[in-house]
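Since every read-out is calculated from the coordinates, none of them should be taken as a lab result. The model shown is predicted, which means the values in this text are computed figures rather than measured ones. Reconstructed Cβ throughout: ideal geometry from the backbone, glycine too, with neighbour counts over all protein chains shown.
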Amino acid sequence: MSETRKLTEQLIKIRSVTPVDGGCQKVLAERLSSLGFSIEYLNFEDVSNLWAVLGDSGPLFAFVGHTDVVPPGSVELWTNDPFTPTLKNGFIFGRGAADMKGSLAAMITAIERFVTHNTLNFKLAYMVTSDEEGDALNGVRRVMEEFRSRKTKIDYCLVGEPSSSNSLGDTIKIGRRGSLNGKLKLLGIKGHVAYPHLAKNPIHIAAPILDELVKEAWDDGNEHFPPTSFQISNFRGGVGVTNVIPDSIEVDFNFRYSTESSDKSLKDRVVQIIEKFTSDYKIEWSLSGKPFLTKSLNLIHLVSNSVEQVVGTKPILSTAGGTSDGRFVAPTGAEVVELGPSNETIHKIDECVRLEDIEKLSVIYEKILIAINEEKENKLQTK
């Protein structure tokens, strides 16, 4: 059994449902400590964060990931227990197999081989949190705030999120869209449906507002980002009977937005649309993350070339998909790229990862480290 498979299965067995780490970071820290890494736990409230560093000079390259997983849902719908890793037809099944314990294991085994056979010419770090799948308030977000106060600067960041679509390495993420959440409450007057003139129906008020919000073209996107999208995620209203007009309704919605828009511009336009129909409303906003894009080609080239050496084709550069912890690292000026296994089964019943993919992923990660090391060595020799 390969070391990457062994470690992946060891991590899957740990029930680390967000924000619980469950001991995953201890397993990872022990392996890194044996290589000479300094180990630090930056825990905030109920969230565990591991920061491990090796080396004391040169640019700082950090692997970034998370040990927490989403809940398994109805366990009876799984073919096997979600926290009992099962190998079948070349795939490892289990919650977190693809998102992202397979990547965490591949990072560790890549680091182990690299450190054993190379003289380190840069600072190598490993950062993992147990708060990526949840609120993401006390994970990488808080760690980066701590780093700003310490003046710790990450130069290169590789996030192990499952970036691939149909095959390993076919896609790498070089940025992510912003995510803006809104909670809208429309106010009315409760009454009997037989006497609508004595009431004010907030559902009827909501209909044209939501219709306009859904049909609005927020922007056209650009060469790196698709157009901004608006989606309604929840609608709450009514008292559960058919003869009562409710006094209010609530609508939750989300923007996934490109660099052509800003959170302020989107908020302003939503308010303009609402106020065309009513002034009796309340709205709360929460920003999950602003859009980011890695424009420098240095890390992108290193990652793309390493992928091509292992799988034989160059990856597509993409900003599609959800958010990641890269959104907290990128604003500090770091070059951020995301590379991991297929995202086809993430968060689903019977989540799985192809064993061959995570073993190849470990080789790709190692090649990236070697390329950074050689680049730094060449610069030292030319001085």
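Work the Kirkwood hydrodynamic radius out for the chain: mean of 1/r over every pair of different alpha-carbon atoms, inverted, in Å.
When all Cα pairs of the chain are included, the Kirkwood radius is 22.6 Å.
Arrange the peptides 66-76, 124-134 so that the one whose residues have, on average, the most other Cβ atoms within 10 Å appears first.
Numbers: 66-76: 19.0, 124-134: 25.4.
Highest mean packing first, the order is 124-134, 66-76.
Treating the beta-carbon of each Lys and Arg as +1 and of each Asp and Glu as -1, no other charges, what is the dipole magnitude of the chain about its Cα centre, to the nearest 20 debye? Please list the in-between numbers first.
Working: 43 positive and 51 negative charges, 92 e Å.
Computed about the Cα centre, the dipole is about 440 debye.
Mind checking which lysines have their Cα closer than 25 Å to the Cα of LYS376? Skip sequence neighbours fewer than 8 apart in that chain.
Once the sequence-local lysines are set aside, what remains near LYS376 is LYS123, LYS151, LYS153, LYS173, LYS295, LYS314, LYS360, LYS367.
Number of Lys pairs in the stretch 178-289 with C-alpha atoms less than 24 angstrom apart, excluding same-chain neighbours closer than eight positions?
Lysine pairs meeting both conditions in the stretch 178-289 amount to 25.
Would you be so kind as to identify which of VAL271, VAL244, PRO227 lies farthest towards the positive end of the dipole of the stretch 218-282, taking Lys and Arg as +1 and Asp and Glu as -1 on Cβ and the Cα centre as origin?
Result: VAL244.
Under the rule a/c < 1.5 gives rounded, and otherwise a/b versus b/c splits prolate from oblate, where does the stretch 234-280 land using the Cα gyration tensor? Numbers along the way, then the final one.
Working: a/c = 5.30, a/b = 2.12, b/c = 2.50.
Oblate is the answer for the stretch 234-280, as a/c is 1.5 or above yet b/c matches or exceeds a/b.
How far is helix 298-311 tilted, in degrees, relative to the longest principal axis of the Cα atoms in the chain, given as a value from 0 to 90 rounded to the nearest 10?
On a 0 to 90 degree scale, this one is about 70.
So how tilted is helix 3-12 from the main axis of the chain? Cα-based, degrees 0 to 90, rounded to 10.
Roughly 30 degrees, rounded to the nearest 10.
Express in whole angstrom the spacing between the alpha-carbon centres of the stretch 1-70 and the stretch 228-242.
Using only Cα atoms to place each centre, the spacing works out to 39 Å.
Could you tell me which residue out of ASN343, VAL310, LEU293 lies farthest along the dipole of the stretch 239-383 toward its positive end? Charges go on the beta carbon: Lys and Arg +1, Asp and Glu -1, centred on the Cα centre.
Working it through, the farthest residue towards the positive pole turns out to be LEU293.
Put one equal scatterer on each alpha carbon of the stretch 178-289, apply the Debye formula with no solvent term, and list log10 I(q)/I(0) at q = 0.10, 0.11, 0.13 1/Å to two decimals.
Treating every Cα as an identical point scatterer, log10 I(q)/I(0) equals -0.33, -0.40, -0.53.
Please report the equivalent ellipsoid semi-axes of the stretch 34-151, computed as sqrt(5 x eigenvalue) of the Cα gyration tensor, largest first, in whole Å. Walk me through the intermediate numbers first.
Numbers: eigenvalues 176, 87, 16 Å².
One finds semi-axes of 30, 21, 9 Å for the stretch 34-151.
Return the single residue from ASP99, ASP135, ASP155 with maximal mean-square fluctuation; model: Gaussian network over the chain, springs between Cα atoms under 10 Å.
For the chain, modelled as a Gaussian network with Cα springs under 10 Å, the answer is ASP135.
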